[in-house]
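Below you'll find the structure, written out as structure tokens, and then a few comments.
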Amino acid sequence: MKTSLFYYTGTGNSLWTARMLAEEISDAEIIPISNTSGDPIVSGAEAIGMIFPVHIWGLPRRVIAFVDALEQNGSRYYFAVAVNAGQVAATLMQLKKRMQARGLSLFAGFAVECIFTWYWVADLCHNEGIPFVLGHALYMKAIHGGKAKNDKIDSHKIAALLRGGMIPMSYVYPEKMRATRDLMRRRNHLMRKRSGLYAHIQNTNSQYNLPDSFGCLAVPKNRNGIIEQFEHPSVQESITADMEIIRSYDVILSQLEKSIINMAIHHDPVSYALLQTIPGVGKIIALIILYEVENIRRFACVQDFASYSRLVKCAKESNGKKCSSGDSKIGNGHLKWAFSEAASFFANNSDQAKKFLDRSTKKHGKSKALSILAHKLGRAVYFMLKNKEAFNQNKLLNL
Ligand SMILES: Cc1cc2nc3c(=O)[nH]c(=O)nc-3n(C[C@H](O)[C@H](O)[C@H](O)COP(=O)(O)O)c2cc1C
């Protein structure tokens, strides 16, 4: 059976859904719903699928025009997919009625919910001057968890929390730097994938009991001769594959870094430069802190910032007794990572910091000593960004 999949999309989700469907259905073609001139839309297919986003609880105008122009052929199989962000509302009923009025029957309708799509609502509210509150998914789950749960109960509880000032709010990251923050996060994700490949090469080396003579694989010249040191052709092939992918990652990552740096210079050159005054903090760590923080004034005090950056432990106490240390996943993991890295680099690049770390290690052990240094750095960054001043090592280390 030949199927025509007509799609309309704003941000690409419906096109993606259409492509996925086309992969599953044999003999399917994907056709965009373009501006109709009013002439009947004719298709030789036995089944017609319509894939479109929900816009303001209903059909987008262009989809309405498309349905109104559809050739009247009652013997065809019609189905629809309404791609939405959690509020499909009566969109499919609207479509059904619209089609019925033209003597066509909608045989099946599906709603596909896309998450992480609060951006457009936030921007819409911002442009229209409507206050927008973003609930923190993790805390909301804990607060309004109940025996029965559905959209009606959820919305009632969220409204009650909002009225009582108890809604756990998330920061609505402004549109201006949002896309670059997401690009930075993507870059970090890819960078970790590349590190996984380095680890595979190192592990294979240990597996075959070979000397670890090549050093740090992040330095391209250290990668020479690694493949040849394995005897078996299959192992060589496996390492060659790793190397090829690493080379591609190198090119992509350096391109991404260049673009993000250009954006940072455009968005906030002062903070970007200030962050790099910390010994050992280079472009990447500075970029992560810059884009994850966005505006330091969103934190009322330094303690809030340290807590958000996961630099302090969650404390739980009842009846004078301390309970378990709480959820370590609360806060921003990207900042936690950046400050941990910054602490190690700082200790490697400053004699005074190294001395401080050694003293602290004797007292608390290596890992806690690094956490203490990371916490101190976090506090320093808060004041640097707030007061627009360069890093002061003496102040940080009480020298
Ligand atoms: C102007 C506008 C209005 C929207 N209205 C709704 C809505 O009422 N209900 C909903 O669930 N999603 C709504 N959305 C979100 C989209 O349906 C959702 O993000 C969808 O995945 C977008 O698909 P697309 O990438 O194919 O455009 C709206 C999006 C826009 C741009």
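For the range 85-114, taking the residues that are of a type in the set (Gly, Ala, Ser) and surrounded by 17 or more Cβ atoms within 10 Å (Cβ to Cβ), the one that is farthest from the ligand (Cβ to nearest atom) is identified as Gly109. Applying a threshold of 6 Å to beta carbon distances and a minimum spacing of six or more residues, or different chains, the list of pairs starting in the range 51-73 at a residue that is free of Cβ contacts under 8 Å to residues at least 40 places away in the same chain and not assigned by TED's automatic domain parsing to the domain that holds Thr9 and ending at one that is more than 11 Å from the ligand (Cβ to nearest atom) and hydrophobic (A, V, I, L, M, F, W, C) is empty.
Tallying residues that are more than 21 Å from Ala390 (Cβ to Cβ) and surrounded by 17 or more Cβ atoms within 10 Å (Cβ to Cβ) within the range 258-279 yields 2. For the range 286-325: of the residues being β-branched (Val, Ile, Thr) and surrounded by fewer than 21 Cβ atoms within 10 Å (Cβ to Cβ), which is modelled with the lowest pLDDT? Among those that are β-branched (Val, Ile, Thr) and surrounded by fewer than 21 Cβ atoms within 10 Å (Cβ to Cβ), it is Val312. Could you look through the range 43-65, keep only residues that are among the small types (Gly, Ala, Ser) and more than 8 Å from the ligand (Cβ to nearest atom), and pick out the one that is surrounded by the fewest Cβ atoms within 10 Å (Cβ to Cβ)? Looking at residues that are among the small types (Gly, Ala, Ser) and more than 8 Å from the ligand (Cβ to nearest atom), I get Gly44. Residues in the range 1-24 that are of a type outside the set (Lys, Arg), more than 15 Å from the ligand (Cβ to nearest atom) and in contact (Cβ under 8 Å) with a residue 24 or more places away in the chain: Met1, Thr3, Ser4.
Residues checked against (1) surrounded by 14 or more Cβ atoms within 10 Å (Cβ to Cβ); (2) part of a loop (DSSP other than H, G, I, E, B); (3) on the phi > 0 side of the Ramachandran plot; (4) free of Cβ contacts under 8 Å to residues at least 40 places away in the same chain:
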residue	(1), (2), (3), (4)
Lys152	no, no, no, yes
Met177	yes, no, no, no
Thr180	yes, no, no, no
His189	no, no, no, yes
Leu197	yes, no, no, no
Asn222	no, no, no, yes
Val235	yes, no, no, yes
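In the set (1) within 16 Å of the ligand (Cβ to nearest atom); (2) modelled with pLDDT under 80, Leu138 fails one condition alone, (1). Residue under question is Ser213, and the condition is that it be among the hydroxyl-bearing types (Ser, Thr, Tyr), surrounded by fewer than 11 Cβ atoms within 10 Å (Cβ to Cβ) and without any contact (Cβ under 8 Å) to a residue 40 or more places away in the chain; does it hold? Yes: the conditions hold for Ser213. Here the range 14-44 is the region considered, the condition is being assigned to a loop (DSSP other than H, G, I, E, B) and at pLDDT 90 or above, and the residue that is nearest to Met1 (Cα to Cα) is Asp27.
The values are calculated or read from the model by the stated rules, or taken from the named source; none is laboratory data. Bear in mind the structure is a predicted one, so any value in this text is a computation, not a measurement. So basically every Cβ, Gly included, is an ideal-geometry build from the backbone, and we count neighbours across all protein chains shown.
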